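As C-alpha coordinates, the structure follows; a few thoughts come after it.
The values are calculated or read from the model by the stated rules, or taken from the named source; none is laboratory data. This is a predicted model, so every value here is computed, not measured. Note that we place each Cβ from the backbone using ideal geometry, even for glycine, and neighbour counts take in every protein chain shown.
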Amino acid sequence: MNTTLLPLGGKKHLESAKPLGVAIIGCGYWGMNYVRIFNELTDARVLAVCDQSAERLNEVARRFPGVYLTTQIEDAASQPDVEAVVVCTEASTHFNVARRLLMAGKHVLVEKPLTIIAADSEKLIDLAESNSAILMVGHTFIFNAGVRKVKEYVQDDRGRVYYLYARRTNLGPIRRDVNALWDLAPHDIAIFNYLLGTTPQWVSAVGGKVLGNCRDDVGFISLGYPDNVLAHVHVSWADPDKAREVVVVKSDKRIVFNDLNGVEQVRVFEKGVSPVEHEPLNYGEFRFEIRDGDIISPRIEPVEPLKHQCRHFLDCVRTGKRPISSGVEGRDVVRVLEAVNRSIECKGLQVEVENKGDYVHPNVNALETATSAVR
(Lines give C-alpha, C1' and ligand atoms only; values in the text may rest on other atoms or scores of the structure.)
Protein backbone atom coordinates (compact mmCIF):
# COMPACT_ATOMS: atom_id res chain seq x y z
CA MET A 1 0.00 0.00 0.00
CA ASN A 2 1.37 3.40 -1.01
CA THR A 3 1.28 5.67 2.05
CA THR A 4 3.18 8.63 0.60
CA LEU A 5 1.76 12.11 0.81
CA LEU A 6 -0.79 13.09 -1.77
CA PRO A 7 0.53 15.51 -4.40
CA LEU A 8 0.22 19.17 -3.56
CA GLY A 9 -2.17 21.11 -5.68
CA GLY A 10 -4.08 18.02 -6.85
CA LYS A 11 -7.45 18.56 -8.43
CA LYS A 12 -9.27 17.87 -5.15
CA HIS A 13 -7.12 20.17 -3.01
CA LEU A 14 -7.85 23.83 -2.46
CA GLU A 15 -5.28 26.59 -2.40
CA SER A 16 -7.46 29.66 -1.98
CA ALA A 17 -8.39 31.31 1.30
CA LYS A 18 -12.09 30.70 0.64
CA PRO A 19 -13.77 28.89 3.57
CA LEU A 20 -14.08 25.17 2.94
CA GLY A 21 -17.62 23.88 2.59
CA VAL A 22 -18.35 21.03 5.03
CA ALA A 23 -21.28 18.65 5.43
CA ILE A 24 -21.96 16.56 8.56
CA ILE A 25 -23.57 13.13 8.22
CA GLY A 26 -25.06 12.02 11.53
CA CYS A 27 -25.88 14.63 14.14
CA GLY A 28 -26.05 12.90 17.48
CA TYR A 29 -24.07 14.21 20.45
CA TRP A 30 -20.68 13.94 18.74
CA GLY A 31 -21.95 15.07 15.34
CA MET A 32 -23.36 18.22 16.92
CA ASN A 33 -19.89 18.95 18.30
CA TYR A 34 -18.53 18.84 14.75
CA VAL A 35 -21.24 21.26 13.59
CA ARG A 36 -20.32 23.63 16.42
CA ILE A 37 -16.57 23.51 15.82
CA PHE A 38 -16.63 23.86 12.05
CA ASN A 39 -19.08 26.71 12.51
CA GLU A 40 -16.53 28.41 14.80
CA LEU A 41 -13.55 28.02 12.46
CA THR A 42 -13.04 30.96 10.14
CA ASP A 43 -11.68 28.83 7.28
CA ALA A 44 -14.69 26.50 7.12
CA ARG A 45 -18.45 26.71 6.68
CA VAL A 46 -21.02 24.09 7.65
CA LEU A 47 -23.28 24.03 4.61
CA ALA A 48 -25.36 20.90 5.17
CA VAL A 49 -26.31 18.45 7.91
CA CYS A 50 -27.87 15.02 7.37
CA ASP A 51 -29.65 12.98 10.02
CA GLN A 52 -32.59 10.58 10.15
CA SER A 53 -34.05 12.28 13.22
CA ALA A 54 -36.31 15.30 12.70
CA GLU A 55 -35.69 16.24 16.32
CA ARG A 56 -31.93 16.44 15.77
CA LEU A 57 -32.37 18.44 12.57
CA ASN A 58 -34.66 20.86 14.39
CA GLU A 59 -31.97 21.29 17.06
CA VAL A 60 -29.43 22.15 14.33
CA ALA A 61 -31.86 24.65 12.83
CA ARG A 62 -32.35 26.28 16.22
CA ARG A 63 -28.64 26.55 17.06
CA PHE A 64 -27.20 27.09 13.58
CA PRO A 65 -29.72 28.83 11.33
CA GLY A 66 -29.01 28.84 7.61
CA VAL A 67 -27.58 25.29 7.41
CA TYR A 68 -29.20 23.07 4.79
CA LEU A 69 -30.95 20.13 6.49
CA THR A 70 -31.79 16.76 4.94
CA THR A 71 -32.27 13.06 5.63
CA GLN A 72 -30.47 12.03 2.43
CA ILE A 73 -26.68 11.56 2.34
CA GLU A 74 -26.26 12.33 -1.35
CA ASP A 75 -28.48 15.39 -0.96
CA ALA A 76 -26.16 16.81 1.71
CA ALA A 77 -22.96 15.95 -0.16
CA SER A 78 -24.19 17.42 -3.44
CA GLN A 79 -24.92 20.87 -2.03
CA PRO A 80 -22.96 23.61 -3.84
CA ASP A 81 -19.42 24.19 -2.46
CA VAL A 82 -19.43 21.11 -0.20
CA GLU A 83 -15.88 19.75 -0.55
CA ALA A 84 -15.47 17.76 2.67
CA VAL A 85 -17.79 15.54 4.69
CA VAL A 86 -17.66 14.29 8.29
CA VAL A 87 -19.22 10.87 8.97
CA CYS A 88 -20.67 10.50 12.49
CA THR A 89 -23.09 7.63 11.90
CA GLU A 90 -23.04 4.29 13.72
CA ALA A 91 -19.83 2.30 13.29
CA SER A 92 -21.55 -0.43 11.27
CA THR A 93 -22.48 2.11 8.58
CA HIS A 94 -19.08 3.82 8.24
CA PHE A 95 -17.85 1.80 5.27
CA ASN A 96 -20.98 2.21 3.18
CA VAL A 97 -21.35 5.93 3.89
CA ALA A 98 -17.66 6.79 3.44
CA ARG A 99 -17.46 4.75 0.22
CA ARG A 100 -20.36 6.65 -1.30
CA LEU A 101 -18.83 9.99 -0.35
CA LEU A 102 -15.35 9.14 -1.67
CA MET A 103 -16.89 7.95 -4.93
CA ALA A 104 -18.62 11.32 -5.12
CA GLY A 105 -15.20 12.99 -4.96
CA LYS A 106 -15.40 14.32 -1.39
CA HIS A 107 -12.69 14.49 1.26
CA VAL A 108 -13.89 12.42 4.22
CA LEU A 109 -13.32 12.44 7.98
CA VAL A 110 -14.79 9.31 9.59
CA GLU A 111 -15.35 8.86 13.30
CA LYS A 112 -13.64 5.87 14.92
CA PRO A 113 -13.56 3.01 14.17
CA LEU A 114 -12.96 3.58 10.45
CA THR A 115 -14.87 0.37 9.61
CA ILE A 116 -15.75 -2.86 11.41
CA ILE A 117 -13.83 -4.99 8.87
CA ALA A 118 -10.18 -4.28 8.01
CA ALA A 119 -10.66 -5.34 4.38
CA ASP A 120 -13.24 -2.56 4.07
CA SER A 121 -10.74 -0.09 5.52
CA GLU A 122 -8.32 -1.14 2.77
CA LYS A 123 -10.99 -0.48 0.16
CA LEU A 124 -11.58 3.02 1.50
CA ILE A 125 -7.82 3.74 1.52
CA ASP A 126 -7.54 2.63 -2.11
CA LEU A 127 -10.64 4.58 -3.11
CA ALA A 128 -9.35 7.78 -1.49
CA GLU A 129 -5.97 7.39 -3.16
CA SER A 130 -7.50 6.79 -6.60
CA ASN A 131 -9.63 9.93 -6.20
CA SER A 132 -6.80 12.09 -4.76
CA ALA A 133 -8.99 12.61 -1.71
CA ILE A 134 -8.15 12.92 1.96
CA LEU A 135 -9.36 10.07 4.18
CA MET A 136 -8.95 10.77 7.88
CA VAL A 137 -10.15 8.97 11.03
CA GLY A 138 -11.39 10.73 14.15
CA HIS A 139 -8.85 9.41 16.66
CA THR A 140 -9.40 12.55 18.71
CA PHE A 141 -6.97 11.72 21.51
CA ILE A 142 -4.05 11.89 19.07
CA PHE A 143 -4.80 15.62 18.93
CA ASN A 144 -4.96 16.00 22.71
CA ALA A 145 -2.16 18.27 23.95
CA GLY A 146 -1.75 16.05 27.01
CA VAL A 147 -1.22 12.90 24.94
CA ARG A 148 1.28 14.78 22.78
CA LYS A 149 3.17 15.84 25.89
CA VAL A 150 3.27 12.18 26.99
CA LYS A 151 4.77 11.27 23.62
CA GLU A 152 7.61 13.74 24.23
CA TYR A 153 8.51 11.88 27.42
CA VAL A 154 8.11 8.49 25.75
CA GLN A 155 10.49 9.47 22.96
CA ASP A 156 13.26 10.95 25.10
CA ASP A 157 16.53 9.03 25.36
CA ARG A 158 16.70 8.73 29.14
CA GLY A 159 14.99 5.37 29.50
CA ARG A 160 13.16 2.62 27.67
CA VAL A 161 9.45 1.80 27.77
CA TYR A 162 8.54 -1.23 29.89
CA TYR A 163 4.76 -1.27 29.52
CA LEU A 164 1.59 0.83 29.17
CA TYR A 165 -1.92 0.51 30.48
CA ALA A 166 -5.19 2.35 30.08
CA ARG A 167 -8.55 2.47 31.80
CA ARG A 168 -11.66 3.78 30.06
CA THR A 169 -14.78 3.12 32.12
CA ASN A 170 -18.16 4.68 32.80
CA LEU A 171 -21.86 3.85 33.14
CA GLY A 172 -22.59 3.71 29.41
CA PRO A 173 -23.48 5.09 26.99
CA ILE A 174 -24.41 1.63 25.69
CA ARG A 175 -24.19 1.27 21.89
CA ARG A 176 -26.55 -0.74 19.74
CA ASP A 177 -24.23 -1.86 16.95
CA VAL A 178 -20.84 -2.58 18.57
CA ASN A 179 -19.68 -3.89 21.94
CA ALA A 180 -17.79 -1.93 24.60
CA LEU A 181 -14.42 -3.05 23.27
CA TRP A 182 -15.11 -1.73 19.76
CA ASP A 183 -16.68 1.42 21.21
CA LEU A 184 -14.02 2.40 23.77
CA ALA A 185 -10.77 0.53 23.06
CA PRO A 186 -10.08 2.22 19.68
CA HIS A 187 -9.15 5.36 21.63
CA ASP A 188 -6.46 3.63 23.68
CA ILE A 189 -5.16 1.40 20.89
CA ALA A 190 -4.72 4.52 18.75
CA ILE A 191 -2.97 6.28 21.64
CA PHE A 192 -0.61 3.33 22.21
CA ASN A 193 0.20 3.10 18.49
CA TYR A 194 0.85 6.84 18.40
CA LEU A 195 3.05 6.87 21.49
CA LEU A 196 5.14 3.89 20.40
CA GLY A 197 5.17 4.65 16.67
CA THR A 198 4.27 1.06 15.83
CA THR A 199 1.44 -1.49 16.02
CA PRO A 200 1.00 -4.57 18.24
CA GLN A 201 2.05 -8.03 17.06
CA TRP A 202 -0.37 -10.06 19.18
CA VAL A 203 -3.49 -9.68 21.29
CA SER A 204 -5.08 -11.55 24.18
CA ALA A 205 -8.56 -10.45 25.24
CA VAL A 206 -11.57 -11.47 27.28
CA GLY A 207 -14.98 -9.88 27.44
CA GLY A 208 -18.06 -10.20 29.60
CA LYS A 209 -21.78 -9.54 29.30
CA VAL A 210 -22.28 -8.44 32.90
CA LEU A 211 -25.41 -6.44 32.03
CA GLY A 212 -27.06 -9.46 30.41
CA ASN A 213 -27.00 -7.79 27.00
CA CYS A 214 -26.15 -9.51 23.72
CA ARG A 215 -22.84 -7.62 23.46
CA ASP A 216 -19.79 -7.56 25.70
CA ASP A 217 -20.04 -4.53 27.98
CA VAL A 218 -16.72 -5.05 29.77
CA GLY A 219 -13.37 -6.14 28.39
CA PHE A 220 -9.71 -6.63 29.21
CA ILE A 221 -7.16 -6.49 26.38
CA SER A 222 -3.45 -7.30 26.51
CA LEU A 223 -1.25 -6.32 23.56
CA GLY A 224 2.29 -7.26 22.64
CA TYR A 225 4.32 -4.59 20.86
CA PRO A 226 7.80 -4.94 19.31
CA ASP A 227 10.82 -4.92 21.67
CA ASN A 228 8.81 -6.83 24.31
CA VAL A 229 6.71 -3.80 25.22
CA LEU A 230 3.43 -4.84 26.84
CA ALA A 231 0.18 -2.88 26.95
CA HIS A 232 -3.16 -3.42 28.63
CA VAL A 233 -6.62 -1.84 28.20
CA HIS A 234 -9.62 -2.10 30.53
CA VAL A 235 -12.94 -0.86 29.12
CA SER A 236 -16.42 -0.97 30.62
CA TRP A 237 -19.92 0.38 30.21
CA ALA A 238 -20.83 -0.88 33.69
CA ASP A 239 -18.31 0.81 36.00
CA PRO A 240 -19.62 3.72 38.12
CA ASP A 241 -16.07 5.11 38.34
CA LYS A 242 -15.60 7.20 35.23
CA ALA A 243 -11.97 6.94 34.12
CA ARG A 244 -9.98 8.20 31.14
CA GLU A 245 -6.42 7.33 32.07
CA VAL A 246 -3.27 6.21 30.22
CA VAL A 247 -0.07 5.28 32.06
CA VAL A 248 3.38 4.66 30.58
CA VAL A 249 6.02 2.97 32.74
CA LYS A 250 9.62 3.50 31.65
CA SER A 251 12.90 2.46 33.21
CA ASP A 252 13.41 5.96 34.61
CA LYS A 253 9.92 7.39 35.06
CA ARG A 254 6.17 6.83 35.19
CA ILE A 255 4.01 9.10 33.01
CA VAL A 256 0.30 9.49 33.76
CA PHE A 257 -2.27 11.07 31.46
CA ASN A 258 -5.63 11.71 33.14
CA ASP A 259 -8.10 13.34 30.79
CA LEU A 260 -10.48 14.08 33.66
CA ASN A 261 -7.93 16.11 35.61
CA GLY A 262 -8.25 19.64 34.31
CA VAL A 263 -5.50 20.98 36.57
CA GLU A 264 -2.77 18.37 36.14
CA GLN A 265 -3.64 16.44 33.00
CA VAL A 266 -0.12 14.96 32.82
CA ARG A 267 2.06 14.00 35.78
CA VAL A 268 5.59 12.62 35.51
CA PHE A 269 7.03 10.62 38.41
CA GLU A 270 10.79 10.55 38.04
CA LYS A 271 11.11 7.15 39.66
CA GLY A 272 12.25 3.92 38.09
CA VAL A 273 14.18 0.69 38.31
CA SER A 274 16.65 -0.72 35.80
CA PRO A 275 19.43 -3.33 35.69
CA VAL A 276 22.91 -2.12 36.63
CA GLU A 277 25.38 -2.67 33.83
CA HIS A 278 27.71 -4.92 35.84
CA GLU A 279 28.28 -8.64 35.99
CA PRO A 280 25.14 -10.45 37.19
CA LEU A 281 25.11 -12.09 40.61
CA ASN A 282 24.43 -15.42 38.90
CA TYR A 283 22.64 -16.78 35.87
CA GLY A 284 19.37 -14.92 35.45
CA GLU A 285 19.97 -12.57 38.38
CA PHE A 286 20.94 -8.93 37.88
CA ARG A 287 21.73 -6.07 40.17
CA PHE A 288 19.10 -3.35 40.00
CA GLU A 289 19.23 0.37 40.57
CA ILE A 290 16.20 2.18 41.96
CA ARG A 291 16.00 5.91 41.30
CA ASP A 292 13.78 8.39 43.08
CA GLY A 293 13.18 11.93 41.91
CA ASP A 294 10.69 14.74 41.48
CA ILE A 295 7.05 14.71 40.48
CA ILE A 296 6.53 17.05 37.53
CA SER A 297 3.30 18.49 36.21
CA PRO A 298 4.15 20.08 32.83
CA ARG A 299 2.11 22.91 31.42
CA ILE A 300 -0.44 21.70 28.86
CA GLU A 301 -1.70 23.99 26.12
CA PRO A 302 -5.46 24.56 26.64
CA VAL A 303 -6.67 23.58 23.15
CA GLU A 304 -9.86 21.60 22.51
CA PRO A 305 -8.67 18.30 20.92
CA LEU A 306 -11.61 18.04 18.53
CA LYS A 307 -10.99 21.57 17.27
CA HIS A 308 -7.30 20.73 16.77
CA GLN A 309 -8.36 17.63 14.83
CA CYS A 310 -10.75 19.59 12.62
CA ARG A 311 -8.07 22.19 11.87
CA HIS A 312 -5.68 19.40 10.90
CA PHE A 313 -8.31 17.94 8.56
CA LEU A 314 -8.83 21.30 6.87
CA ASP A 315 -5.06 21.76 6.51
CA CYS A 316 -4.69 18.32 4.92
CA VAL A 317 -7.52 19.04 2.49
CA ARG A 318 -5.93 22.33 1.46
CA THR A 319 -2.34 21.08 1.17
CA GLY A 320 -2.83 17.43 0.23
CA LYS A 321 -0.58 16.17 3.03
CA ARG A 322 -1.33 12.88 4.73
CA PRO A 323 -3.25 13.19 8.03
CA ILE A 324 -1.65 12.06 11.27
CA SER A 325 -4.65 9.78 11.73
CA SER A 326 -5.07 8.72 8.10
CA GLY A 327 -6.97 5.74 6.78
CA VAL A 328 -3.84 3.65 7.30
CA GLU A 329 -3.78 4.37 11.04
CA GLY A 330 -7.52 3.73 11.18
CA ARG A 331 -7.08 0.38 9.41
CA ASP A 332 -4.32 -0.61 11.85
CA VAL A 333 -6.67 -0.08 14.79
CA VAL A 334 -9.39 -2.14 13.10
CA ARG A 335 -6.91 -4.98 12.56
CA VAL A 336 -6.18 -5.00 16.29
CA LEU A 337 -9.90 -5.04 17.09
CA GLU A 338 -10.39 -7.98 14.74
CA ALA A 339 -7.67 -9.82 16.67
CA VAL A 340 -9.49 -8.89 19.87
CA ASN A 341 -12.63 -10.58 18.50
CA ARG A 342 -10.70 -13.72 17.58
CA SER A 343 -9.09 -13.89 21.01
CA ILE A 344 -12.42 -13.49 22.81
CA GLU A 345 -13.90 -16.26 20.68
CA CYS A 346 -10.96 -18.44 21.81
CA LYS A 347 -11.43 -17.59 25.53
CA GLY A 348 -8.46 -15.23 25.75
CA LEU A 349 -6.03 -17.17 23.58
CA GLN A 350 -3.06 -15.09 22.37
CA VAL A 351 -3.54 -14.44 18.65
CA GLU A 352 -1.47 -12.62 16.07
CA VAL A 353 -2.63 -9.34 14.56
CA GLU A 354 -3.24 -10.04 10.88
CA ASN A 355 -1.43 -8.03 8.23
CA LYS A 356 -4.28 -8.48 5.80
CA GLY A 357 -7.85 -7.47 6.49
CA ASP A 358 -9.46 -10.81 5.71
CA TYR A 359 -11.23 -11.45 9.01
CA VAL A 360 -15.03 -11.74 8.88
CA HIS A 361 -16.81 -10.00 11.74
CA PRO A 362 -19.03 -12.50 13.62
CA ASN A 363 -22.04 -10.17 13.21
CA VAL A 364 -21.30 -9.20 9.63
CA ASN A 365 -24.74 -10.17 8.29
CA ALA A 366 -26.55 -8.11 10.90
CA LEU A 367 -24.17 -5.23 10.37
CA GLU A 368 -24.66 -5.31 6.60
CA THR A 369 -28.39 -5.18 7.19
CA ALA A 370 -27.93 -2.12 9.40
CA THR A 371 -25.70 -0.53 6.78
CA SER A 372 -28.28 -1.02 4.03
CA ALA A 373 -30.80 0.89 6.14
CA VAL A 374 -28.75 4.10 5.83
CA ARG A 375 -30.03 6.20 2.94
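Computed quantities for the displayed model
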| item | result |
| --- | --- |
| Within the range 66-81, tally of residues that are of a type in the set (Val, Ile, Thr) and surrounded by fewer than 14 Cβ atoms within 10 Å (Cβ to Cβ) | 1 |
| Subset of the range 239-257 (residues that are closer than 23 Å to residue 158 by Cα and part of a strand (DSSP E or B)) | 246, 247, 248, 249, 250, 254, 255, 256, 257 |
| Answer from 280, 302, 240 - the residue that is at pLDDT 95 or above and not acidic (Asp, Glu) | 240 |
| The range 307-325, residues that are under 16 Å from the mean Cα position of the chain (by Cα) and hydroxyl-bearing (Ser, Thr, Tyr) | 325 |
| Subset tally (residues that are over 29 Å from residue 122 (Cβ atoms) and crowded, with 19+ Cβ neighbours inside 10 Å) for the range 132-148 | 1 |
| Subset tally (residues that are in contact (Cβ under 8 Å) with a residue 24 or more places away in the chain and within 18 Å of the chain's Cα centre (by Cα)) for the range 147-169 | 10 |
| Residue ID - nearest to residue 304 (Cα to Cα), chosen from residues in the range 170-200 that are touching a residue at least 40 places away in the same chain (Cβ under 8 Å) and among the β-branched types (Val, Ile, Thr) | 191 |
| One residue from 188, 227 being in a helix (DSSP H, G or I) and either aliphatic (A, V, I, L, M) or buried (at least 23 other Cβ atoms within 10 Å of the Cβ) (or both) | 188 |
| Test: residue in the range 348-365 that is modelled with pLDDT under 95, among the hydroxyl-bearing types (Ser, Thr, Tyr), surrounded by 18 or more Cβ atoms within 10 Å (Cβ to Cβ) and touching a helix residue (DSSP H, G or I) at 6+ places or on another chain (Cβ under 6 Å) | yes |
| Any hit, the range 235-254, residues being in contact with a Pro (Cβ under 7 Å, 6 or more places away or on another chain) and within 22 Å of residue 353 (Cβ to Cβ) | no |
| Given (1) under 26 Å from residue 171 (Cβ atoms); (2) without any contact (Cβ under 8 Å) to a residue 12 or more places away in the chain, index of the condition residue 228 fails | (1) |
| Which listed residue, of 153, 194, is within 20 Å of residue 265 (Cβ to Cβ), crowded, with 17+ Cβ neighbours inside 10 Å and out of contact with any strand residue (DSSP E or B) (no Cβ under 9 Å at 6 or more places or on another chain) | 194 |
| Conditions (1) surrounded by 19 or more Cβ atoms within 10 Å (Cβ to Cβ); (2) at pLDDT 95 or above; (3) assigned to a loop (DSSP other than H, G, I, E, B); number of the one not met by residue 178 | (2) |
| Some residue of the range 332-339 being out of contact with any helix residue (DSSP H, G or I) (no Cβ under 6 Å at 6 or more places or on another chain), at pLDDT 95 or above, surrounded by fewer than 16 Cβ atoms within 10 Å (Cβ to Cβ) and in a helix (DSSP H, G or I) | no |
